[in-house]
1. Going by C-beta contacts inside 10 Å, put 136, 105 in order with the fewest on the left.
2. Among DSSP beta bridges whose residues both lie in the chain, state the antiparallel percentage, nearest 5.
3. Using a 10 Å cut-off around each Cβ, can you sort 55, 97 from fewest to most neighbouring Cβ atoms?
4. Considering only 101, 184, 13, give the residue with the highest GNM mean-square fluctuation for the chain, with springs between Cα atoms whenever their separation is below 10 Å.
5. Let me make sure I get this right: for region 73-133, a, b and c are the square roots of the gyration tensor eigenvalues over alpha carbons, sorted descending. Under 1.5 in a/c it's rounded, otherwise prolate if a/b > b/c, else oblate. Which is it?
6. For a quick check, take a GNM of the chain with Cα springs below 10 Å and name the residue from 23, 119, 167 with the largest mean-square fluctuation.
7. With an 8 Å cut-off on Cα pairs and a minimum separation of 6 or more residues, tell me the relative contact order of the chain in percent.
8. Compute the Cα gyration tensor for region 84-196, then decide on rounded, prolate or oblate, letting a ≥ b ≥ c be the square roots of its eigenvalues: rounded whenever a/c is under 1.5, prolate when a/b is larger than b/c in the other cases, and oblate in all that remain.
């Protein structure tokens, strides 16, 4: 089993890359009031044939030629089930795929999200021709609404004005920006304190 949910994000997003996706949406929803953790990864790649979709939770189902066993989806499926949730995969050939993982946020068996900022910046810099769109929402019990952060590589490329994300100083800046922005979701008052 993977120690961090961020590693599942990396694994599934790389499946989307291999599926020739041009756009990959990564959406995380943390709702502590409803005790829900939801991860959606949606792509516009080649899609998964129906026969493979039926067996995709089997660790011996993989399209990779360098490895006989594909553990990412089976591990995520097991994690969801252990945490009172479920994994669903909807896919249409030539249209794309949606992986939807849902689990109880407070479940003792739920792995931590982990270093999602490093995972994202690795994806962004490794696959510069793919449009990645990230959205993360967080809501504590009693909050009137969720705090939401979103960022796309299209927006980043505009800000960076052509400077590659793989440039070390840029890579570190984007990683730190993502870390700070995601951390700020859990403490919205910190932002208003800094402004006053």
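What follows is calculated from the coordinates using simple rules that are stated; it is not laboratory data. Being a predicted model, the structure only gives us computed values, none of them experimental. Backbone-built Cβ (ideal geometry, glycine too); neighbour counts: all protein chains shown.
1. 105, 136
2. 75
3. With the sparsest Cβ surroundings first, the list reads 55, 97.
4. Of the options given, 184 has the highest mean-square fluctuation.
5. Oblate shape, in that a/c is at least 1.5 and b/c is the bigger or equal ratio.
6. Taking springs between Cα atoms under 10 Å, the residue moving most is 167.
7. 24
8. oblate
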